[in-house]
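Asker: If you scroll down you'll find the structure; I have some questions about it.
The values are calculated or read from the model by the stated rules, or taken from the named source; none is laboratory data. Every value quoted in this text rests on a predicted model; they were computed, and no experiment measured them. Here the Cβ positions follow ideal geometry from the backbone for every residue, glycine too, while neighbour counts run over all protein chains shown.
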Amino acid sequence: MVNTFKTWWRRLAPLPLGKWLFSKALALLIPYTGTISPFVLEVSPGYARVRMSDKRRIRNHLSSIHALSLANLGELTTGLALHFALKDQQRAILTNLSAEYHKKARGPITAIASIKNLDQALVGPIEVNAQLFDKNLVLVTSVKALWLAS
């Protein structure tokens with residue numbers, strides 16, 4: 001599946017509606033992730049930037065984006081950054097996820113994840129961090145994901 005995502009991204013991203021098509025396919029293939037309607041803005045080995053819109057279905061009773069929707073966005077973003085850095089025959093599974101919530105999240109949220117030390121072998125436990133920002137570039141959530149790569 002990882003190789004398929006890489007191939008789809010390379011083919012679709014340059015097209016006028018390519019990123020939208022890639023994001024829709026991703027949401028269909030990963031149903032829980034699809035609940036936040038992510039839009040992949042950029043992805044490369046060790047880096048990902050993904051946005052989600054503020055919709056009623058992902059809001060809580062405080063009129064802000066639900067904590068688990070934010071964690072979902074962080075997990076997706078860290079996973080894309082890692083999976084695009086892995087060799088085609090490698091796989092990774094999430095073993096731990098934590099999130100720190102700094103402010104209420106409202107409006108479109110953009111998550112950015114990057115992996116330091118990509119020159120090292122990506123095997124075993126790999127920590128990938130994501131920062132989630134609102135439209136004013138205020139940090140609303142920090143996500144730490146531990147992935148086990150083999």
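Asker: Of everything in the range 46-85, what is of a type outside the set (A, V, I, L, M), part of a helix (DSSP H, G or I) and without any contact (Cβ under 8 Å) to a residue 12 or more places away in the chain? Give them in sequence order.
Answerer: Hit for the range 46-85 is Arg56, nothing else.
Asker: Residues of the range 107-150 being part of a loop (DSSP other than H, G, I, E, B) and at pLDDT below 95, which ones?
Answerer: Those that are part of a loop (DSSP other than H, G, I, E, B) and at pLDDT below 95: Ile115, Lys116, Asn117, Leu118, Asp119, Gln120, Ala121, Leu122, Val123, Ser150.
Asker: Filter the range 20-45 down to residues that are part of a strand (DSSP E or B), touching a strand residue (DSSP E or B) at 6+ places or on another chain (Cβ under 7 Å) and of a type in the set (A, V, I, L, M), then give me how many there are.
Answerer: Residues flagged as part of a strand (DSSP E or B), touching a strand residue (DSSP E or B) at 6+ places or on another chain (Cβ under 7 Å) and of a type in the set (A, V, I, L, M) within the range 20-45 amount to 2.
Asker: A further question on this structure: Counting only residues that are touching a helix residue (DSSP H, G or I) at 6+ places or on another chain (Cβ under 7 Å) and among the polar types (S, T, N, Q), how many does the range 36-65 have?
Answerer: The total comes to 1.
Asker: Of all residues in the range 110-129, count the ones that are buried (at least 17 other Cβ atoms within 10 Å of the Cβ) and either touching a Phe, Trp or Tyr at 6+ places or on another chain (Cβ under 7 Å) or in contact (Cβ under 8 Å) with a residue 60 or more places away in the chain (or both).
Answerer: Matching residues across the range 110-129 total 8.
Asker: Would you say Ser63 is polar (S, T, N, Q) and closer than 24 Å to Glu100 by Cα?
Answerer: yes
Asker: Do you know which of the residues in the range 87-104 that are out of contact with any Leu (no Cβ under 6 Å at 6 or more places or on another chain) and not in a strand (DSSP E or B) is nearest to Ala27 (Cα to Cα)?
Answerer: The qualifying residue nearest to Ala27 (Cα to Cα) is Arg91.
Asker: How many residues are within 11 Å of Val140 (Cβ to Cβ), surrounded by fewer than 17 Cβ atoms within 10 Å (Cβ to Cβ) and either at pLDDT below 95 or of a type in the set (A, V, I, L, M, F, W, C) (or both) if we restrict to the range 92-102?
Answerer: Residues flagged as within 11 Å of Val140 (Cβ to Cβ), surrounded by fewer than 17 Cβ atoms within 10 Å (Cβ to Cβ) and either at pLDDT below 95 or of a type in the set (A, V, I, L, M, F, W, C) (or both) within the range 92-102 amount to 0.
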